[in-house]
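To start, the structure itself, in structure tokens.
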């Protein structure tokens, strides 16, 4: 299940590679209702070097593909 969410996140972010995504945008694009699952998938992808944290504005983190 975790790999499935990760692959869906990568496919969703691959649609527009120049855009930065927040966690709520990823949740709606992947159709995941649980914020914790989306955040943990992004953290795993960040650890693997596939996704990077592009900027942080306040408490909001913006992610993009490397």
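Nothing in this text is a laboratory measurement; each read-out follows from the coordinates by a stated rule. Being a predicted model, the structure only gives us computed values, none of them experimental. Here the Cβ is made from the backbone with ideal geometry for all residues, glycine too, and neighbour counts use every protein chain on show.
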Run down 17, 64, 35, 59 and say which single residue is exposed (fewer than 13 other Cβ atoms within 10 Å of the Cβ) and in contact with a helix residue (DSSP H, G or I) (Cβ under 8 Å, 6 or more places away or on another chain).
35
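Just to verify a result, which residue in segment 20-35, among those that are in a loop (DSSP other than H, G, I, E, B) and touching a strand residue (DSSP E or B) at 6+ places or on another chain (Cβ under 7 Å), is nearest to residue 51 (Cα to Cα)?
Residues of segment 20-35 that are in a loop (DSSP other than H, G, I, E, B), as a first pass: 20, 22, 31-34.
Those left that are additionally touching a strand residue (DSSP E or B) at 6+ places or on another chain (Cβ under 7 Å): 20, 22.
On the way: 20: 11, 22: 12 Å.
The extreme case among them is 20.
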